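This report concerns only the one structure given below.
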Amino acid sequence: IQYFVKFFIIGITVLVVAVPEGLPLAVTISLAYSVKKMMKDNNLVRHLDACETMGNATAICSDKTGTLTMNRMTVVQAYIGDTHYHQIPSPDALVPKVLDLIVNGISINSAYTSKILPPEKEGGLPRQVGNKTECALLGFVTDLKQDYHAVRNEVPEEKLYKVYTFNSVRKSMSTVIEKPSGGYRMYSKGASEIILRKCNRILDKKGEVMPFKNKDRDEMVRTVIEPMASQGLRTICIAYRDFNDGEPTWDNESEILTELTCIAVVGIEDPVRPEVPEAIAKCKRAGITVRMVTGDNINTARAIATKCGIVTPGDDFLCLEGKEFNRLIRNEKGEVEQEKLDKIWPKLRVLARSSPTDKHTLVKGIIDSTVGEQRQVVAVTGDGTNDGPALKKADVGFAMGIAGTDVAKEASDIILTDDNFTSIVKAVMWGRNVYDSISKFLQFQLTVNVVAVIVAFTGACITQDSPLKAVQMLWVNLIMDTFASLALATEPPTESLLKRRPYGRNKPLISRTMMKNILGHSVYQLTVIFFLVFAGERFFDIDSGRKAPLHSPPSQHYTIIFNTFVLMQLFNEINSRKIHGERNVFAGIFRNLIFCSVVLGTFISQILIVEFGGKPFSCTKLTLSQWFWCLFIGIGELLWGQIISTIPTQSLKFLKEAGHGTTKEEITKDAEGLDEIDHAEMELRRGQILWFRGLNRIQTQ
């Protein structure tokens, strides 16, 4: 019975060691550790898996305002009364009547929640609260030495007769007030090309009203608006209209918003964040395409995209406006056609004057596209409520932590707590790091599994007893599973991760190089262990441990085998830190304290087990020279690792990759041949497929 129990224990132990149960642990530890660390890089991860998906991103569709730029708008140029001022004019240069119209037109016709507050720190910039574009205009009023508070106190919010709020269709905002002398006055502001189309008069130098015809408008667009826009300025037009004869029908918006009188056009600058151009260059090196989707004028958008490095002079990339984009991708019925979209998106870099629907269409089109050999993985940034659908549709949605609405945050996977584009690049780095960490652990784990199982099984077959005892196997299992997943899954990311292209969605987890390492190290370890089992007693000149009776005390022979095995795993753990065939396996080892402490801790525990483990661990004390031999064989792993990395992977064509992702097509392909769809049969077939897949998985393990 005791023999039977012993064999049963050996059988169970082989099974326990054979299954790599540390893998789910490694994946979870790696993701959880990354998420915790990403918080320091201003990425608040809401869905764990988004972190890994980000490592494979091939396209980023980014907003402009606040993400690529600083979202600190300031008016830097103005066109008032036939004069183009390249700096802010002094109040004396303007006619009092015009100055008064500008101050009222801005102060009254803007949300009263937009304010400019004194700076928090001495000598800092004034704080902008509310809508940033309106804050820029209020700052313009302040620069003209006027006080917008006084105007707002005179005309409080209750006195506003009617307000047409800003939305993405109107692209303008208007406020109507009652004039003291009777009648109404409406102030309007909005995108210059839209408001100027509604103007038929303009104020000249003296503040007199002059007619404003189509040719004047084209002239103004050419001489004022385009030069401003090509410098990356957002142009806003301020206008007004008086209603003196009775009250018009306010609901008929198209009639109200015509025959305006243009007061001024201002150019607002939103400077590019200084760190963005470098971040975009990193993305390009990493094989990620950055596209800018913005509501701004196309010239402004192109200028900012050039400053960021999204488009460089001489490229044949597309910059489209929303209208043009829709015209190119929709058929006569107004439906989006994937073939048409496939012709456009690969070259599209800037989408200007775009609505949230355009953003969603673009994201969906890129994701559904089958142009490249691999499906694109798209990340999207958004801050508004109407960005929700695009954020949900994208593979990874980034919401803005500062400027973002709650709806956008709910729809997103990751929240950028500093609204900064560089944080997205950090997320890519962490995502790639997660993938690499799991691969490192797999490489280590599978080597141990292969060796431990073969040694236990063959040993048991030949010598009637496993060279590695049950408790020893469990100790090996503990160090290799739990501690190794801790050590290898917490490697910090390095910049070199951004120097390669994305892996793609169905790249196998175990690459050829890793397969080469796993097999190579297994060969070394098996050779050493079998040499020790069958010739170790002659080599060390000690008693043989083979064929020992049932309750004999632990032998030095088998203790040496156990010790050598564990030390080889320890040094192979250092080898496993690199999976792309790098030579220097120690690079950056001290940056990872967890790794160092795990290796040291395991080594110290191993000494204690061998020296004081005694009967429970089937160990006995070893002499110093035997210890040095064990260590020497262990360190041989590092040298062997160097030899393996000299063999070019290309020459080993017989090595297969493993761990492919299964695609959805595999399930649906089987259902395509049926003339009529029978759901019960499809369920049955899907059940069979899943059953076979399960069997396959067990077989692989």
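Can Ala111 be described as in a loop (DSSP other than H, G, I, E, B), of a type in the set (Gly, Ala, Ser) and under 23 Å from Arg185 (Cα atoms)?
yes
For the range 602-615, the criterion of being assigned to a loop (DSSP other than H, G, I, E, B), open to solvent by less than 30 Å² (accessible area, probe 1.4 Å) and on the phi > 0 side of the Ramachandran plot is met by at least one residue. One residue is enough: does the range 371-387 have a residue meeting the conditions touching a Ser or Thr at 6+ places or on another chain (Cβ under 6 Å), open to solvent by 20 Å² or more (accessible area, probe 1.4 Å) and not charged (D, E, K, R)? Yes: one or more hits. Does Gly694 meet the test of being surrounded by fewer than 13 Cβ atoms within 10 Å (Cβ to Cβ), modelled with pLDDT of 75 or more, small (Gly, Ala, Ser) and not in a loop (DSSP other than H, G, I, E, B)? Taking the combined requirement at face value, the residue satisfies it. When each of Ile561, Ile574 is tested for being more than 30 Å from Arg500 (Cα to Cα), buried (at least 18 other Cβ atoms within 10 Å of the Cβ) and β-branched (Val, Ile, Thr), the lone residue that passes is Ile561. The residues on offer are Val35, Val5, and the sole one that is of a type in the set (Val, Ile, Thr), in the same structural domain as Leu446 (by the TED database) and under 30 Å from Val451 (Cβ atoms) is Val5.
Residue-level analysis places Ser230 among those that are surrounded by fewer than 18 Cβ atoms within 10 Å (Cβ to Cβ), under 39 Å from the mean Cα position of the chain (by Cα) and not assigned by the TED database to the domain that holds Ser354.
Take the conditions (1) closer than 30 Å to Arg375 by Cα; (2) touching a residue at least 12 places away in the same chain (Cβ under 8 Å); Arg591 misses just one of them, which is (1).
With in contact with a strand residue (DSSP E or B) (Cβ under 9 Å, 6 or more places away or on another chain), at negative phi and not assigned by the TED database to the domain that holds Ile280 as the only criterion, which of Ile12, Ile80 stands out? Don't jump to the end; show me each part of the working.
On the way: Ile12 fails: in contact with a strand residue (DSSP E or B) (Cβ under 9 Å, 6 or more places away or on another chain).
Matching residue, one of Ile12, Ile80: Ile80.
Which of the following residues is open to solvent by less than 50 Å² (accessible area, probe 1.4 Å), over 30 Å from Arg217 (Cβ atoms), at pLDDT below 85 and not acidic (Asp, Glu): Val35, Val14?
From the options Val35, Val14, the qualifying one is Val14.
Applying the condition of being in contact with a helix residue (DSSP H, G or I) (Cβ under 7 Å, 6 or more places away or on another chain) and either among the aromatic types (Phe, Trp, Tyr) or open to solvent by 10 Å² or more (accessible area, probe 1.4 Å) (or both) to the range 395-410 and asking which residue is farthest from Thr53 (Cα to Cα) yields Thr405.
Selection of first residues in the range 612-639 that are more than 22 Å from Ser522 (Cα to Cα) and of second residues that are among the hydrophobic types (A, V, I, L, M, F, W, C) and open to solvent by 40 Å² or more (accessible area, probe 1.4 Å), restricted to Cβ pairs under 7 Å at least 6 apart or on distinct chains, gives the following pairs, ordered by first then second residue: Pro616/Val471; Phe617/Val471; Ser618/Val471. Among residues of the range 438-450 that are more than 18 Å from Thr527 (Cβ to Cβ), those with a beta-carbon under 7 Å from a residue that is buried (at least 24 other Cβ atoms within 10 Å of the Cβ) and of a type in the set (Ser, Thr, Tyr) at least six positions away or on a different chain give the pairs Ile438/Ser30; Lys440/Ser576; Phe441/Ser485; Gln443/Ser576; Phe444/Ser576.
The combined condition, being assigned to a helix (DSSP H, G or I), assigned by the TED database to the domain that holds Leu631, modelled with pLDDT of 90 or more and surrounded by 13 or more Cβ atoms within 10 Å (Cβ to Cβ), is fulfilled by Leu526. Condition first: surrounded by fewer than 16 Cβ atoms within 10 Å (Cβ to Cβ), among the hydroxyl-bearing types (Ser, Thr, Tyr) and either at pLDDT below 90 or touching a strand residue (DSSP E or B) at 6+ places or on another chain (Cβ under 8 Å) (or both). Can you find one or more residues in the range 174-188 that meet it? Yes: the range 174-188 contains one or more residues that are surrounded by fewer than 16 Cβ atoms within 10 Å (Cβ to Cβ), among the hydroxyl-bearing types (Ser, Thr, Tyr) and either at pLDDT below 90 or touching a strand residue (DSSP E or B) at 6+ places or on another chain (Cβ under 8 Å) (or both). Within the range 327-367, the set of residues being acidic (Asp, Glu) and either loosely packed, with under 14 Cβ neighbours inside 10 Å or more than 23 Å from Phe398 (Cα to Cα) (or both) comprises Glu332, Glu335, Glu337, Glu339, Asp342.
The set of residues from the range 538-595 being of a type in the set (A, V, I, L, M) and part of a helix (DSSP H, G or I) comprises Ile560, Ile561, Val566, Leu567, Met568, Leu570, Ile574, Ile589, Leu593, Ile594.
List pairs: first in the range 297-309 and closer than 10 Å to Cys319 by Cβ, second of a type in the set (D, E, K, R) and not in a helix (DSSP H, G or I), Cβ under 8 Å, 6+ apart or cross-chain? From the range 297-309, the pairs are Ile298/Glu321; Ile298/Arg353; Ala301/Lys64; Ala305/Arg349.
Restricting attention to the range 271-324, the residues that are at pLDDT 90 or above, of a type in the set (Gly, Ala, Ser) and more than 16 Å from Thr69 (Cβ to Cβ) total 4. Comparison of Thr289, Thr249, Thr258 shows that the only residue that is of a type in the set (Ser, Thr, Tyr), within 27 Å of Gln374 (Cα to Cα) and open to solvent by 10 Å² or more (accessible area, probe 1.4 Å) is Thr289.
The residue that is farthest from Asn104 (Cα to Cα), counting only those in the range 136-173 that are in a loop (DSSP other than H, G, I, E, B) and open to solvent by less than 50 Å² (accessible area, probe 1.4 Å), is Lys171.
The values are calculated or read from the model by the stated rules, or taken from the named source; none is laboratory data. In this text, all values refer to a predicted model and were calculated from it rather than measured experimentally. Neighbour counts are summed over all protein chains in view; Cβ atoms, including those assigned to glycine, are modelled from backbone coordinates with ideal geometry. Keep in mind that these areas ignore ligands, DNA and RNA; they rest on the heavy atoms of the full protein, side chains included. Shrake-Rupley method; radii C 1.70, N 1.55, O 1.52, S 1.80 Å.
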